[in-house]
Amino acid sequence: MTELVSSSSSTPMMATARFVASDATIELSAAALEAMALRLPSTGDPVDGLVARVRLRMGQAVDALQVAALLEADGLNDRAARVEYGYADVFMLSEEVFHRLGGSVPRWRSLRMENPEPGRWLRDLSHGLLYLLPSALFPAVLAVVAPHPFILALIVAGLLGWVWAGGSTWLAYQWLNIHDAKGAGRVLIWASFAGVVFAAGVGIGIAAATNGGPTAALLVPAVMTYQMAATVLLFYRRELWVTALMVPSAGAGVTYVVLGQPALRWALGTITACVSLAFILALVEAARAGRRSEGTRATGVLRGRSGTILAVIAYNAATAVFLLHAQMPYLLTHLDVVVAGAPLIVAMGVVEWRARRFNERSRWLLTQVRYPREFTRRIWLMVAGNATVCSAAVALLEIPLLLALWRFDKITPAGVAMAAAQVALAGAYFLAFLLAGHHRYGWLSVALGAAIVVHVGVGYLVSRQFSVATVWLPRLSAYTDMALFFGSAVLLQVLLLVALAPILGQARRYR
């Protein structure tokens, strides 16, 4: 009797279960859908199985780019497209899949690209001039520091300030990206104080090692103070504040160059006051920006990201070393080599502007094309066009500068080679910005390190072979050194293009 009751009660339960399982509205997992697709009748063409799987996953695809994004997200790469399906790459395979899915849904296309910040390009361009302004302060500082301690302190301060500012900015953006403006402000405030204190310790060490006196010890923290002040103010888009504070300092430096010793004390006082005020305003702005925010405090932002932090630091250090190792040996000996680096600093605003616009236009481009192959072709054309614009901007600034040096009989072949290297570097830095946007900091560090090693290594071999001399390598001439530096800049471009090639045309990275 018990068995009869149990059997009769289970019958409607099993019927109900079968009904629920066959209900068209039930949610199926991705794994179940793929299993269903694999059980469909085989046609002998592996692409048909892929089409069935894609149809079950997304239904009617909007365009081939959507198919490509799904295939790439599932781990299907170009090699698999060639080996398993017989197509050259994922994009060509996705075009075929889209065609077999029907491929008749019209794609909405915007008539023009909206610029979210029409005046942003002016701020971007101004950054280059802001980067150049501190160079006007060096003659007045050099007047109270012996040449060799000054060069060493300047190299260390430039390297340390560059790396510290780059790392601090990256950290602040991690909080800002999750809408914790207060956390970003705290990061910048603590990083600024810690940077100045650490730089002071380094400056004392340099002064003790070189007997450069207290002024040499003050130079390193002073450079760090300006670097962090400018970094924080630019982070909050206060370019006008930086300009208003640095123009008087630069003017004081130029006045000293013109009038000489009588203007030295006034120049140093003006520089100290302006840099100190900029640092104070930067701290105040970071604190105010946090109070104005309405977001909640975030926790665990950096958990599990120690490798990324180290890669960012390595990238910034490699960038600074790449520039400094070629230019600093000639600060006191070759004016044209040093001056030839100024146009690249000014044009860095152009590089930042074109890199930002590239990111905006690449997302807009997704609405203008239908096939992945067309997107890939146009994105590479955009890269070539923007890199050319960056290099052309430096070239246009180099030409009048070289003519002026020639007019005053200050030009040498080494200066011309350095100018050519700066033109190549402008395009390389644009590519580096793109690669950094894809978070490939490891590749950036490797490419920069390889370019440095090639420059120094080949220079060493040439110096031994031909017995010529320079500062770094006592047997290498300045012209040969700068020609090799130009070659390393071109090599850097090639390495960055190789790193970009596998990822630049992947549509999913721009959605």
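Give me Ile309, Ile345 sorted ascending by neighbouring Cβ count inside 10 Å, so fewest comes first.
On the way: Ile309 15, Ile345 21.
Lowest to highest Cβ neighbour count: Ile309, Ile345.
Note down the net charge around Leu500, summing +1 for each Lys or Arg and -1 for each Asp or Glu among other residues with Cβ under 14 Å from its Cβ. Computed value for this residue: +2.
Given 0.36 nm per residue, what is the gain on full extension from Glu360 to Ala273 after removing their alpha carbon distance, in nm? Display every interim value, and only then the final one.
Working: separation 87, 0.36 × 87 = 31.32 nm, distance 3.95 nm.
Contour length minus Cα-Cα distance gives 27.4 nm.
Using a simple charge model, +1 on the beta-carbon of Lys and Arg, -1 on the beta-carbon of Asp and Glu, nothing else, what dipole does the range 120-303 show about its Cα centre, in debye to the nearest 20? Can you show the working numbers first?
Details: 12 positive and 5 negative charges, 99 e Å.
Using only the charged Cβ atoms, the result is roughly 480 debye.
FRET efficiency for the pair Ala194 and Asp78, taken as 1/(1 + (r/R0)^6) with r the Cβ-Cβ distance and R0 = 60 Å, rounds to 0.85. This model, with +1 at the C-beta of Lys and Arg and -1 at the C-beta of Asp and Glu, gives the range 350-392 a dipole about its Cα centre of some 140 debye. Give the value in nm², to one decimal: projected area of the alpha carbon convex hull of the range 120-303, averaged over all directions. Answer in nm², one decimal: 11.0.
Ranked for footprinting exposure by Cβ neighbours inside 10 Å, fewest first, Asp45, Asp78, Asp409 give Asp409, Asp45, Asp78.
Taking a Cβ cut-off of under 14 Å around Val232, the surrounding Lys, Arg, Asp and Glu residues balance to a net charge of +2, with basic ones at +1 and acidic ones at -1. The Cβ shell under 15 Å around Pro413 holds other residues with a net charge of -3, Lys and Arg each +1, Asp and Glu each -1. The rule of thumb for compact globular proteins, 2.2 N^0.38 Å, goes into the C-alpha radius of gyration of the range 405-452 1.59 times. Sorting Lys410, Lys182 from the fewest to the most surrounding beta carbons within 10 angstrom yields Lys410, Lys182.
Before anything else, pin down the relative contact order of the range 305-511: Cα pairs under 8 Å, at least 6 apart, normalised by residue count, whole percent.
30 percent
Of Ala414, Val350, Leu331, which is farthest on the positive side of the dipole of the range 305-511, counting Cα position, with +1 on Lys and Arg Cβ, -1 on Asp and Glu Cβ, and the Cα centre as origin? Result: Val350.
Taken together, the values in this text are just the output of simple stated rules run on the coordinates, not laboratory data. Keep in mind that what you see is a predicted model, and the values were worked out from it rather than measured. Glycine gets a Cβ as well: all are built from the backbone with ideal geometry, and neighbour counts include every protein chain shown.
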